[in-house]
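Okay, so here's the structure we're looking at.
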Amino acid sequence: MAFTDLLDRLGGVGRFQVIYTGLLLLPCSLLACHNFLQNFTAAVPRHHCQGPANHTAAATNDSGAWLRAVVPLDRRGDPEPCRRFKEPQWALLSPNTSVRGAATEGCRDGWVYDRSVFPSTIVMEWDLVCEARPLRDLAQSIYMAGVLVGAIVFGGLADRLGRKGPLVWSYLQLAVSGAATAYFGSFGAYCVFRFLMGMTFSGIILNSLSLVVEWMPTRGRTVAGVLLGYSFTLGQLILAGVAYVIRPWRWLQFAVSVPFLIFFLYSWWLPESSRWLLLHGKSQLAVENLRKVVTSYIQSEIASVCPSNSVLDLFRTPAIRKITCCLMVVWFSNSLAYYGLAIDLQKFGLSIYLVQVLFGVIDIPAMLVATTTMIYVGRRATVASFLLLAGFMVIANMFVPEDMQALRMAQAALGKGCLASSFICVYLFTGELYPTEIRQMGMGFASVSARFGGLTAPLVTTLGEFSTVLPPLGFGATSILAGLAVCFLAETRNAPLVETIEAMERRVRQGLRKEDAEEKTEEISLQQLGASPLKETI
């Protein structure tokens, strides 16, 4: 394509692309903090019922003894988190004494929380335990719903208004709503502002990737796309460190939100995508951004382009329809399995900080392998292999005994690393599959499918209340399904970006004709080989 050739003639990947990509990827790293923030701000500490108000612990100087008399023990010998005796059972203070049939009740006077690890979380502040525990998962689902709505809103706006405007607004919205989340003191306000924060995830990640891909020449796109994945991994490691230092949930929320105000200020310097400007007839602005552009060289290619703003364009033509349907399955399944593994770290029974670090570090070698295979093997094989491997890893984890928590965590971390690598590969893959004319709309639509997956993940996790087999089976099966769907997509390694829908359909038709010609040539060759022995016999 003309624009791709122009970038290559101007020197390929230069200082501008390096600085530009770095400034876009820095916010993406902190964006990962918000995705997994509730692992810490909504952590569930050990807790038990508050004693009855009409009794006092002064009846004994031993607080442990008082607890044994007030709260029954569960099967593991720990205080029951959601029940207490209606009346203190003083007989339990005597050694080798048990009480059967004692009346119990719910925690009518509240709970006592273990604050040794987390001095405050939203669970402690609003008592999101026992009967109210589903509200904790609801808060995460509301955030994911915001990500879903953001993909719809910002995906459409980016094709109409450009990539830069929605990106700048997303930085500001995240900074303000993140600070407001830390300030207001009601659970309802928390959910509202978390929803607004979720919206910005799509606005930032989709527009950042589009700007990086559209300013990169062909040979730099793979590395740039993978760097986006590494920035997301870096954000997970940053979150573990910041959460370890800043334990109160409000200050942690504030600490990971304020930097986006800085990103908002410097983002005004970032130039708009020249591909988008050219496609919408704003060639003078594109010339200013490029500085050295021969406008007549590309006018012949864009003169007949009529920008489309309808989502129906994703299904109107055969080639684009096939891409969209396959990517819907891939994005939904990848997101479902990824967040199903990553949003509930306490289930492993180990230090939540250690698990967060491990789940972040595992992405580094996984994405290093993904980078190598994308460059030398191709996008399709890389994404499919990682998804299939992740699916089998998750299903295999079902057969590991629960008392082998370290092995279960290591195997889950490997599966999560494969899913993280496939996720960032499919971001790049999707950007290369769609033409510039509808690239942002296509990525936004695919991202909507991913947000449905992220929204569904907490719901699938709750199926574990009925059977512990259902969540891993669901996550593993969908990952395998996504790996199979990738096999129906075209390879884009070293291929120039397509500018229009018509050019995409033309490329597919030419590819089909080439395959038909090769098949006919092979048939003729086989017929000639079959005829030779006959001639010799005659």
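The values are calculated or read from the model by the stated rules, or taken from the named source; none is laboratory data. Remember, it's a predicted structure, so these values are computed and weren't measured experimentally. In this analysis, Cβ positions are derived from the backbone assuming ideal geometry, glycine residues included, and neighbour counts consider all displayed protein chains. Just so you know, the surface numbers come from the protein's heavy atoms only, side chains and all, with ligands and any DNA or RNA stripped out. Shrake-Rupley method; radii C 1.70, N 1.55, O 1.52, S 1.80 Å.
In this calculation the C-beta distance from Val112 to Ala406 is compared with R0 = 35 Å, giving a FRET efficiency of 0.70. Please check which bits of the stretch 472-499 a label hung off Val223 would reach, taking the label as a point 7 Å along Cα-to-C-beta and the cut-off as backbone N under 16 Å. From the stretch 472-499, the list is 494. 3J(HN,Hα) along the stretch 318-330: x, 5, 5, 4, 4, 4, 5, 5, 5, 5, 4, 5, 5 Hz, from the Karplus curve 6.51 cos²θ - 1.76 cosθ + 1.60 with θ = phi - 60°, whole Hz, x for Gly and Pro. Using a probe of 1.4 angstrom and keeping all protein chains present, the accessible surface of the stretch 204-260 works out to 29 square angstrom per residue. Work out the FRET efficiency for Val245 and Phe184 from their Cβ-Cβ distance, taking R0 = 25 Å, and round it to the nearest 0.05. After rounding, the FRET efficiency stands at 0.55. Quick note on the stretch 158-222: its Rg to Rh ratio, both from C-alpha atoms and Rh being the Kirkwood radius, is 1.15. Using equal-weight Cα scatterers in the Debye expression, the normalised intensity of the stretch 453-509 in log10 at q = 0.18, 0.22, 0.24, 0.26 Å⁻¹ is -0.72, -0.87, -0.96, -1.04.
Provide the gained length on full extension for the span Ile375 to Arg46, in nm with one decimal, where the gain is 0.36 nm per separating residue minus the Cα-Cα distance.
So the extension gain works out to 113.6 nm.
Were the residues from Lys282 through Thr104 laid out at 0.36 nm apart, the gain over their Cα-Cα distance would be 56.8 nm. Based on the Stokes-Einstein relation at 10 °C and a viscosity of 1.306 mPa s, and on the Kirkwood radius from alpha carbon pairs, the stretch 349-418 is assigned a translational diffusion coefficient of 123 µm²/s. With a cut-off of 20 Å on the backbone N, the residues of the stretch 426-460 near the modelled label site 7 Å out from Ala495 along Cα-Cβ are 426-447.
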